[in-house]
Amino acid sequence: MEDRIKALAIEVESYTASDMQGVENYRLKYISKKGVISELFETLKTLSPDEKKKSGKILNELKQAAEQKLKALTEMLENNSSATVDIDLTLPPIPNKIGNQHPLTLTRNRIIEIFERLGFNVADGPEIEDDWHNFSALNFPENHPAREMQDTFFVEKNPDMLLRTHTSNVQIRLMTKQKPPLRAIMPGRVYRNEAISARAHCFFHQVEGLYVDRNVGFADLKQTLYHFAKEMYGKDIKIRFRPSFFPFTEPSAEIDISCLICKGDGCNICKQTGWVEIAGSGMVHPNVLKNCGIDPEEFTGFAFGMGIERVTMLRYQVNDLRLYSENDIRFLKQFHSVI
Ligand code: DAH
């Protein structure tokens, strides 16, 4: 009798169940009224008082252990089933957080998309540039203030090299490499020796545009940028051209669009004017064409340089340039493409 009880205790101890049916089988085999433990209690009655005492004790222990085991098996399966069985497979999945693009990237890509549809290619050039491509070829006079240390970062070991101050250097790289007709936009990062504030930064981004062919006129420039503004900001946007000066264009104009933040009422972004400047532009100066080996009698062209931060600021109503480079996830996660 004692051996039988001990063997059963080991069986009970090592019993495992992978589902509720397994637990029920266990209950029927060991604990139910017709189970082996009840059977043993019946047998116990037939034993001598001495044996009854010895076996009764360990049989009671077995009974308790068996009941505890039943509880443990049931609990274990209940816990597991809440994780596996109760899944509603018809629910939509929880989306993975995969991050999103930087607002400046979103705007740059949108600008590229708009101009690509007009037949513009995308071109690229170096951020560390020589004086000729950044200044001289663009008709900057020898003593232009942009050539001063206070305005431009020069490379210490070679003062002929500098961090480009605008993307206009890519115009020169393109025109010296390819013959017209040329139609390209050139996005990239530029650097200026400026103190960092809400409105200025020592690096920012531009998209340069260039169209050189026979018979390109100022009307083409206006129409192209007019189209761009409507595509970027919707058909109600207003755009104006203000006469301006750049060494590399003649005539030159600055391009303003109606302030989307105050809708023209006047705010600190538009300096109470209702207009925000987004680009410089003009007809490519004949000297620039000549410097690149293009005959200005045969070809004309327009160019523009747009500030991506400015365009983004109006697109998403961001009023501090520093936010773009602070890597604050609370700021960055707010942006989605708004096409
Ligand atoms: N490079 C000028 C700047 O950074 C912007 C600019 C003006 C670019 C007129 C042009 C242009 O291509 O035609 O301020």
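The values are calculated or read from the model by the stated rules, or taken from the named source; none is laboratory data. Bear in mind the structure is a predicted one, so any value in this text is a computation, not a measurement. We place every Cβ from the backbone using ideal geometry, glycine too, and count neighbours over all the protein chains shown. With ligands, DNA and RNA removed, areas are computed over all heavy atoms of the protein, side chains included. Shrake-Rupley method; radii C 1.70, N 1.55, O 1.52, S 1.80 Å.
Rundown of residues vs (1) over 27 Å from residue 109 (Cβ atoms); (2) within 16 Å of the ligand (Cβ to nearest atom), yes/no style:
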{"site": "267", "(1), (2)": "yes, no"}
{"site": "280", "(1), (2)": "no, yes"}
{"site": "283", "(1), (2)": "yes, yes"}
{"site": "313", "(1), (2)": "no, no"}
{"site": "316", "(1), (2)": "no, no"}
{"site": "321", "(1), (2)": "no, yes"}
Study note, to complete from the structure: When the range 114-150 is checked residue by residue, the ones that are without any contact (Cβ under 8 Å) to a residue 60 or more places away in the chain and in contact with a strand residue (DSSP E or B) (Cβ under 7 Å, 6 or more places away or on another chain) are 128, 129, 130, 131, 134
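Which residue out of 219, 198 is over 17 Å from residue 114 (Cα atoms) and touching a residue at least 12 places away in the same chain (Cβ under 8 Å)?
198
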Check your understanding: Just checking, how many residues over the range 206-247 are open to solvent by 30 Å² or more (accessible area, probe 1.4 Å) and within 11 Å of the ligand (Cβ to nearest atom)?
Key -> 4
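Got at least one residue in the range 54-70 being open to solvent by 90 Å² or more (accessible area, probe 1.4 Å) and closer than 30 Å to residue 224 by Cα? Break it down stepwise before answering.
First, the residues of the range 54-70 that are open to solvent by 90 Å² or more (accessible area, probe 1.4 Å): 54, 57, 61, 64, 68.
Checking which are closer than 30 Å to residue 224 by Cα leaves us with none.
No, the range 54-70 contains no residue that is open to solvent by 90 Å² or more (accessible area, probe 1.4 Å) and closer than 30 Å to residue 224 by Cα.
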**Study point:** Sole exception among (1) in contact (Cβ under 8 Å) with a residue 24 or more places away in the chain; (2) part of a loop (DSSP other than H, G, I, E, B) for residue 33, by number
**Key:** (1)
Practice item. Give the residues of the range 286-311 that are within 16 Å of the ligand (Cβ to nearest atom) and exposed (fewer than 14 other Cβ atoms within 10 Å of the Cβ), sorted by residue number. Key: none
Check your understanding: Quick check: anything in the range 4-21 assigned to a helix (DSSP H, G or I), aromatic (Phe, Trp, Tyr), open to solvent by less than 100 Å² (accessible area, probe 1.4 Å) and in the same structural domain as residue 73 (by TED's automatic domain parsing)?
Key -> no
Practice item. Could you check, for the range 182-194, whether at least one of its residues is in contact (Cβ under 8 Å) with a residue 24 or more places away in the chain and loosely packed, with under 14 Cβ neighbours inside 10 Å? Key: no
Review point. Listed residues 28, 40, 77; which is in contact (Cβ under 8 Å) with a residue 60 or more places away in the chain and outside any loop (DSSP other than H, G, I, E, B)?
Key: 77
Exercise for review: For the range 151-160, indicate whether the set of residues that are under 20 Å from residue 283 (Cβ atoms), in contact (Cβ under 8 Å) with a residue 40 or more places away in the chain and either open to solvent by 10 Å² or more (accessible area, probe 1.4 Å) or not assigned by TED's automatic domain parsing to the domain that holds residue 249 (or both) is non-empty.
Suggested key: no
Review point. Looking at residue 283, is it among the aliphatic types (A, V, I, L, M) and touching a Pro at 6+ places or on another chain (Cβ under 8 Å)?
Key: yes
Study note, to complete from the structure: Residue pairs within 9 Å by beta carbon, gap of at least six or interchain, first lying in the range 287-314 and within 16 Å of residue 213 (Cα to Cα) and without any contact (Cβ under 8 Å) to a residue 40 or more places away in the chain, second within 14 Å of the ligand (Cβ to nearest atom) and part of a strand (DSSP E or B), listed first then second, are 296/284
Practice item. Assess whether residue 113 counts as being within 30 Å of residue 323 (Cβ to Cβ) and open to solvent by less than 90 Å² (accessible area, probe 1.4 Å). Key: yes
Review point. Taking residue 250 and the conditions (1) within 11 Å of the ligand (Cβ to nearest atom); (2) buried (at least 18 other Cβ atoms within 10 Å of the Cβ), which numbered condition does it fall short on, given that it satisfies the others?
Key: (2)
